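Working notes, structure below.
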Amino acid sequence: PSEHVKTNYSNFGFPVDKIHVIPHPLNSDFLVEHESDFSEPYRLLYVGYLQKQKGVEKLVPVLAGLREQLDQKSRLTIIGNGGLRSAIIDQAREYDIQDAVDIRGFVPNKQLPSVYSSHDMFVYPGIWEEPLARVYLEALAAGLPVVTSEYGSVESIVGDGGVTTDGSVSAFISTIGDLIK
């Protein structure tokens, strides 16, 4: 699904001339008009499993850091289920920002385009070399800038529609803060 995966297979000894990159297709339902006006409170969005490899334990600290650094009231919507849901709820309580974190759980695919389009920024703090996260395509199609960890070929996937970071909480805070400013 990406050049990065092609390179990995080549490195494992598969003949490169027999490997063809075929990216995930985009569901045209996600080609919607962006509804957010990118003003306070800035609405950040994460869509995906709530598992360690997705880096979701960074989301609440990033939001807390943004709210402290920029003295503004950003909000975070989390779409998805997984084993770290209760840990995220606990983090929000620890940072005393539970009112700014909306964990919605599973949202049917037909409803996702309007969820994407109503937010200001898509944040994906992944920590593993994912082949090609379809959520990047969905966010970009709905007009959201993407802020993500760099791994593999993510930078080439998000292109001018996003910014990559080194994956640290401080880098996410700085990068998102710069985009807001």
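The values are calculated or read from the model by the stated rules, or taken from the named source; none is laboratory data. Given the structure is predicted, the values throughout are model-derived calculations rather than measurements. With ideal geometry, Cβ positions are generated from the backbone for all residues, glycine too; neighbour counts draw on all protein chains shown. Accessible surface is based on the protein model in full, side chains and every heavy atom, while ligands, DNA and RNA are left aside. Shrake-Rupley method; radii C 1.70, N 1.55, O 1.52, S 1.80 Å.
Which stretch or stretches of the stretch 99-140 have amide N atoms under 11 Å from the point lying 7 Å from Tyr151's Cα along the Cα→Cβ direction?
Flagged as within label range: 125-133.
Once the Cα atoms of helix 169-180 and of the chain are each reduced to a long axis, what angle between those two axes, in degrees from 0 to 90 to the nearest 10, is obtained?
80 degrees
Please list 99-112, 75-88, 134-147, 47-60 highest first by mean number of surrounding beta-carbon atoms within 10 Å per residue.
134-147, 47-60, 75-88, 99-112
Out of the total accessible area of the chain (probe 1.4 Å, heavy atoms of protein only), what percent is carbon and sulfur?
Roughly 51 percent of what the probe reaches on the chain is carbon or sulfur.
Could you tell me which of rounded, prolate or oblate describes the chain, using a ≥ b ≥ c as the square roots of the eigenvalues of the alpha-carbon gyration tensor, with rounded for a/c under 1.5 and, failing that, prolate when a/b is larger than b/c and oblate otherwise?
Judged from the Cα gyration tensor, the chain comes out prolate (a/c at least 1.5, a/b above b/c).
Using alpha-carbon positions, what is the distance between the centroids of the stretch 72-128 and the stretch 139-181, in Å?
16 Å
With the other protein chains left in place, how much accessible area per residue, in square angstrom, belongs to the stretch 37-178 at a 1.4 angstrom probe?
Heavy-atom accessible area per residue stands at 43 Å².
Mind checking the dipole of the stretch 16-146: about its Cα centre, +1 per Lys or Arg Cβ, -1 per Asp or Glu Cβ, Debye to the nearest 20?
Roughly 400 debye, rounded to the nearest 20.
If you stretched the chain out fully between Ser10 and Lys110, how much longer would it get, using 0.36 nm times the residue separation minus the C-alpha to C-alpha distance?
Between Ser10 and Lys110, full extension yields 32.3 nm more.
On C-alpha positions alone, give me the angle between the axis of helix 59-70 and the longest principal axis of the chain, in degrees, nearest 10.
Around 60 degrees separate the two axes.
Taking the chain as the reference, fit the longest principal axis to its C-alpha atoms, fit the long axis of helix 85-94 to the helix C-alpha atoms, and give the angle between the two in degrees, 0 to 90, nearest 10.
Roughly 40 degrees, rounded to the nearest 10.
Label the stretch 19-85 by shape, choosing from rounded, prolate and oblate, from the square roots a ≥ b ≥ c of the eigenvalues of the Cα gyration tensor; if a/c is under 1.5 it is rounded, and otherwise prolate applies when a/b is larger than b/c, oblate when it is not.
Judged from the Cα gyration tensor, the stretch 19-85 comes out oblate (a/c at least 1.5, b/c at or above a/b).
Please give the FRET efficiency for Ile19 paired with Asp96, using the beta carbon to beta carbon distance and R0 = 45 Å, rounded to the nearest 0.05.
0.35
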